[in-house]
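Scroll down for the structure; my scribbles are underneath it.
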Amino acid sequence: MTATGDYTRQIHIVTTPEKVFDTLTTAAEYASWWAPATGSAAEAGELRITFDGIEDPLVLQVRQATRSSAVIWDVESCAFLPDWAGTTPAFTLSRSSAGGCDLEFRHEGLSPQLECYDMCRAGWDQYLPSLRAYLQTGTGHPFSRARLG
């Protein structure tokens with residue numbers, strides 16, 4: 001965690017930063033590693049992420065989508081996890097000296113002080129490796145099929 005206590009995680013992905021960026025900015029690919037999404041994952045776009053058994057979607061505004069280096073979302077609304085509203089998930093990508101892509105993920109505002117922290121941390125601890133598996137093998141993990149927590 002950072003000094004502010006925000007959730008952070010680093011992973012290495014055996015693919016290019018460009019491919020990671022393309023996946024993070026293509027809504028149709030989200031169901032393969034996270035959950036089904038509609039809308040635009042491009043900068044200034046709005047995404048609606050849906051989870052099994054939950055009526056209201058998670059609504060994200062894409063604050064930044066800088067090719068091969070960063071994707072930042074602002075959580076506009078999340079009826080099923082109200083603590084998420086106003087938080088900022090951010091993906092920072094860099095080319096690894098060993099080859100591939102180093103991804104640093106920070107969910108600004110997701111800290112141990114929030115009621116949902118343990119569940120959300122466990123979720124990201126599953127979905128980020130699912131993103132890696134999808135990019136490296138073409139298949140995500142079974143839990144990436146729109147299940148929360």
Matching option when the condition is closer than 20 Å to TRP33 by Cβ, more than 12 Å from the chain's Cα centre (by Cα) and polar (S, T, N, Q), among THR66, THR50, THR92 = THR50
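Look through ASP6, ASP102 and report the one residue that is of a type in the set (D, E, K, R), buried (at least 16 other Cβ atoms within 10 Å of the Cβ), touching a strand residue (DSSP E or B) at 6+ places or on another chain (Cβ under 6 Å) and over 20 Å from LEU131 (Cα atoms). Talk me through it step by step, then tell me what you get.
Numbers: ASP102 fails: over 20 Å from LEU131 (Cα atoms).
The conditions single out ASP6.
Looking at the range 56-63, can you tell me whether even one residue there is touching a His at 6+ places or on another chain (Cβ under 9 Å), modelled with pLDDT of 95 or more and not polar (S, T, N, Q)? Write out each step before concluding.
Filtering the range 56-63 down to residues touching a His at 6+ places or on another chain (Cβ under 9 Å) leaves none.
No, the conditions are met nowhere in the range 56-63.
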Is it fair to say ASP125 is modelled with pLDDT under 95, of a type in the set (Asp, Glu), open to solvent by 40 Å² or more (accessible area, probe 1.4 Å) and closer than 21 Å to PRO36 by Cα?
-> no
Restricting attention to the range 32-68, which residues are more than 24 Å from SER94 (Cα to Cα), surrounded by 15 or more Cβ atoms within 10 Å (Cβ to Cβ) and among the small types (Gly, Ala, Ser)?
-> ALA35, ALA37, GLY39
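For the range 91-99, state whether one or more residues are outside any loop (DSSP other than H, G, I, E, B), surrounded by 18 or more Cβ atoms within 10 Å (Cβ to Cβ) and out of contact with any Pro (no Cβ under 7 Å at 6 or more places or on another chain).
Within the range 91-99, one or more residues are outside any loop (DSSP other than H, G, I, E, B), surrounded by 18 or more Cβ atoms within 10 Å (Cβ to Cβ) and out of contact with any Pro (no Cβ under 7 Å at 6 or more places or on another chain).
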When the residues of the range 66-98 are filtered to those that are of a type in the set (D, E, K, R) and in contact with a strand residue (DSSP E or B) (Cβ under 9 Å, 6 or more places away or on another chain), which remaining residue is nearest to THR50 (Cα to Cα)?
-> GLU76
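Are any of the residues in the range 75-84 among the aliphatic types (A, V, I, L, M), over 22 Å from THR23 (Cα atoms) and open to solvent by 50 Å² or more (accessible area, probe 1.4 Å)?
Pass one, the range 75-84, residues among the aliphatic types (A, V, I, L, M): 75, 79, 81.
Subsequent filtering for residues that are over 22 Å from THR23 (Cα atoms) retains 79, 81.
Subsequent filtering for residues that are open to solvent by 50 Å² or more (accessible area, probe 1.4 Å) retains 79.
So far as the range 75-84 goes, yes, one or more of its residues are among the aliphatic types (A, V, I, L, M), over 22 Å from THR23 (Cα atoms) and open to solvent by 50 Å² or more (accessible area, probe 1.4 Å).
The values are calculated or read from the model by the stated rules, or taken from the named source; none is laboratory data. The structure displayed is predicted, hence computed values, not measured ones. Quick reminder, even Gly has a Cβ in these numbers, built from the backbone with ideal geometry, and neighbours come from all protein chains shown. Ligands, DNA and RNA are stripped out before the accessible areas are found, and what is left, the full protein with its side chains, is counted by its heavy atoms. Shrake-Rupley method; radii C 1.70, N 1.55, O 1.52, S 1.80 Å.
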